[in-house]
Amino acid sequence: MLPLSSFVLVWSIVALNTTTPGPNVVNTIATAMSAGRRAGLGAAAGVAIGVALWCLGSSLGFATLFAAFPGAARGMAFVAAGLLGWLAFRALRFAWQGYCGARKGLPQAPATLSFGRALVRAVMISASNPKVLTTWLSIATLFPVAQAGAKDIALLTVGSALIGLFFHSTYATIFSTGPAVRFYLRAGWVIYLVSGLFFAVLAGSMGLRLISQ
């Protein structure tokens, strides 16, 4: 088994990616607001499935690539540092816009939506979410996939899916009540700020490490 620190880093990124506003978060909140808690929990389950699929796909795909072409790992590390820098810039820009009052309302989901339909809808949104794609491209180079065994990838996948399920279930539960929405629109920029700083530090340290090698 790989050291726990390898998993903690990835799970920290997954947690931040899951909590920052984006297509998945907006869909879960909008579903819970308009269709109720049960549908919101269906959306949360769909996010967990989407996270698991992205984790498996990126881990297995990059493990195969790095095994066939060992030199590709360094090249992808530079790409990952750039992607993390872009995520930092994007999060900090949204934090500034939110702080200055440039907030957008949440779109409405259908008023009647079953648990199953909400789940499928969330999986489809996750599959086409560029924010998720960028995050998992970065994660695949930070996690030692070339050395990871089946148990490591299984643990990474299950842990990531549970993180997604936890946060989105929390969103679904909270935002099935009205007052929380106004608070989220006012204070959401703080989540972006924390995420942006985390990604900036990660990108900077990764870039420095690559340059010094």
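Taking the criterion of being within 28 Å of ALA148 (Cβ to Cβ), among the β-branched types (Val, Ile, Thr) and open to solvent by 10 Å² or more (accessible area, probe 1.4 Å), the residues of segment 19-64 that qualify are THR19, ILE49, VAL51, THR64.
The set of residues in segment 1-15 that are crowded, with 22+ Cβ neighbours inside 10 Å and either closer than 26 Å to ARG117 by Cα or not hydrophobic (A, V, I, L, M, F, W, C) (or both) contains only VAL14.
Criterion applied to LEU9, LEU60 was being at pLDDT 80 or above, assigned to a helix (DSSP H, G or I) and not basic (Lys, Arg), and the one residue passing it is LEU9.
For segment 32-40, does any single residue satisfy the condition of being part of a helix (DSSP H, G or I) and under 13 Å from the mean Cα position of the chain (by Cα)? Show your work before the answer.
Going through segment 32-40, the residues part of a helix (DSSP H, G or I) turn out to be 32-35, 37-40.
So of that shortlist, the ones also under 13 Å from the mean Cα position of the chain (by Cα) come out as none.
No, every residue in segment 32-40 fails to be part of a helix (DSSP H, G or I) and under 13 Å from the mean Cα position of the chain (by Cα).
The values are calculated or read from the model by the stated rules, or taken from the named source; none is laboratory data. All figures in this text were calculated on a predicted structure; none of them were measured in a lab. A quick note on method: Cβ atoms are made from the backbone with ideal geometry, for glycine too, and the neighbour counts reach across all protein chains shown. Quick note on the areas: whole protein, heavy atoms, side chains included, nothing else; ligands and nucleic acids left out. Shrake-Rupley method; radii C 1.70, N 1.55, O 1.52, S 1.80 Å.
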